[in-house]
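*Asks:* Quick one: the structure is below, and I'll ask about it shortly.
The values are calculated or read from the model by the stated rules, or taken from the named source; none is laboratory data. Remember, it's a predicted structure, so these values are computed and weren't measured experimentally. Ideal geometry is used to build each Cβ from the backbone, glycine not excepted, and the neighbour counts take in all protein chains shown. When the accessible area is computed, the model is the full protein with side chains, heavy atoms only, and any ligands, DNA or RNA have been set aside. Shrake-Rupley method; radii C 1.70, N 1.55, O 1.52, S 1.80 Å.
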Amino acid sequence: MPTPASVLLSLALATFKPSPVPGGVAVVAIPSARATYHGERVLVRAHGKGWEAVVGVPLGARPGPDSLDADGQAVPFTVLPKHYPEQRVQVANPRLVNPNAEDEARIAREAALTGPAWTAWPEGLTPTLAFSQPTPGALTASFGMRRIFNGEPRAPHSGLDIKALAGQVVWAPAAGVVVLTGSFFFSGNAVYLAHGEGVVSLFAHLSKVLVQKGQILKAGEPLGEVGMTGRATGPHLHWSLSLNNARVDPRLFLAAEGRRPTRR
Ligand SMILES: [Zn+2]
């Protein structure tokens, strides 16, 4: 499949929709060019004559007063409440709900790899905050849902699922560097793409991975094919988007929600 010269040219001016809720993004004016949020370095960009932090708010954040640390100075902001509905999922393999000891060891080994991938801060990469949809298909509203697997509560859904056909190409929704690929217990075949300054995408449940660690991708370059590897009940793309190690709703960053990007 030919690689488009640029998927995002016409969309580059679009901005994302700030939403300071758990699983959303807070934009906070700060007095310095560097800030951290609960110990994680956050994306800071120039704004007027000063700076603003673009902060991912974790799904587990408590609504109410919160703060950033801007070079030692606390900058307060408020996390607003958001209710996410419940989703009940039935999976055939009970080990995907209650992993055995061997599975737990594997999950721990994988966490040692995915931890650094989620916090990757590659030198010289400035992230765009306008993303294209990484594969055509209907977007589900499932980000943030409190999930019950086979009747047992588990972690909330930390990504966006896109209904798609197995084998359909998945492309980079924005430029980035591949920081991790592999076959993971829950995510199946997966690609971690760092867009710069702590902005990281995960593409999960792929049938095929088409890229290697260290590879630099332009927006629109193929990185894998849709599948149902790992904990998936049917073929779909799971896309997680993370800022400062907090998974946020990728729909906030889609320049044209639900629309297939123009490919040439
Ligand atoms: Zn998913």
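*Asks:* How would you classify the stretch 160-264 from its alpha-carbon gyration tensor, with a ≥ b ≥ c the square roots of the eigenvalues: rounded for a/c under 1.5, else prolate if a/b is greater than b/c, otherwise oblate?
*Replies:* Verdict is rounded for the stretch 160-264.
*Asks:* A further question on this structure: Which residues does a label at Ala105 reach in the stretch 148-188, if reach means a backbone N under 17 Å from a point 7 Å past the Cα toward the Cβ?
*Replies:* Of the residues in the stretch 148-188, 185 have backbone N under 17 Å from the label point off Ala105.
*Asks:* I'd like the carbon and sulfur percentage of the solvent accessible area for the chain, probe radius 1.4 Å, heavy atoms only, ligands and nucleic acids excluded.
*Replies:* The value for the chain is 55 percent carbon and sulfur by accessible area.
*Asks:* Please report the relative contact order for the chain, taking Cα pairs under 8 Å with a sequence separation of at least 6, and give it as a percent rounded to a whole number.
*Replies:* Answer for the chain is 23 percent.
*Asks:* Further question on the same structure: Could you grab the relative contact order for the stretch 109-211? Cα pairs under 8 Å, six or more apart, rounded to a whole percent.
*Replies:* In percent, rounded to a whole number, it is 31.
*Asks:* For the stretch 87-143, what number results from the quotient of the Cα radius of gyration and 2.2 N^0.38 Å?
*Replies:* Relative to the 2.2 N^0.38 Å estimate, the stretch 87-143 comes out at 1.68.
*Asks:* Follow-up. Can you tell which of Gly214, Asn245, Gly196 lies farthest toward the positive end of the dipole of the stretch 186-260, using +1 and -1 charges on the Cβ of basic and acidic side chains (Lys, Arg; Asp, Glu)?
*Replies:* After comparing all options, I get Gly214.
*Asks:* OK, next. By per-residue mean of other Cβ atoms within 10 Å, what is the highest-first order of 70-81, 183-194, 90-101?
*Replies:* Taking the mean over residues of other Cβ atoms within 10 Å, the ranking is 183-194, 70-81, 90-101.
*Asks:* Is it possible to state the helix-based mean residue ellipticity at 222 nm for the chain, with each DSSP H run of 4+ residues giving -39500 (n - 2.57), the sum divided by total residues, to the nearest 500 deg cm²/dmol? What is it?
*Replies:* So the helix-based figure for the chain works out to -2500 deg cm²/dmol.
*Asks:* How much accessible area per residue does the stretch 118-260 have, counting only protein heavy atoms and a probe of 1.4 Å, in square angstrom?
*Replies:* Heavy-atom SASA per residue in the stretch 118-260 reads 35 Å².
*Asks:* Accessible area per residue for the stretch 23-107 in Å², computed with a 1.4 Å probe and the full protein assembly in place, what is it?
*Replies:* On a per-residue basis, the stretch 23-107 sits at 58 Å².
*Asks:* Does the chain come out rounded, prolate or oblate by the C-alpha gyration tensor, with a ≥ b ≥ c the root eigenvalues, rounded set by a/c under 1.5 and, if not, prolate when a/b is larger than b/c and oblate if not?
*Replies:* In terms of gyration-tensor shape, oblate.
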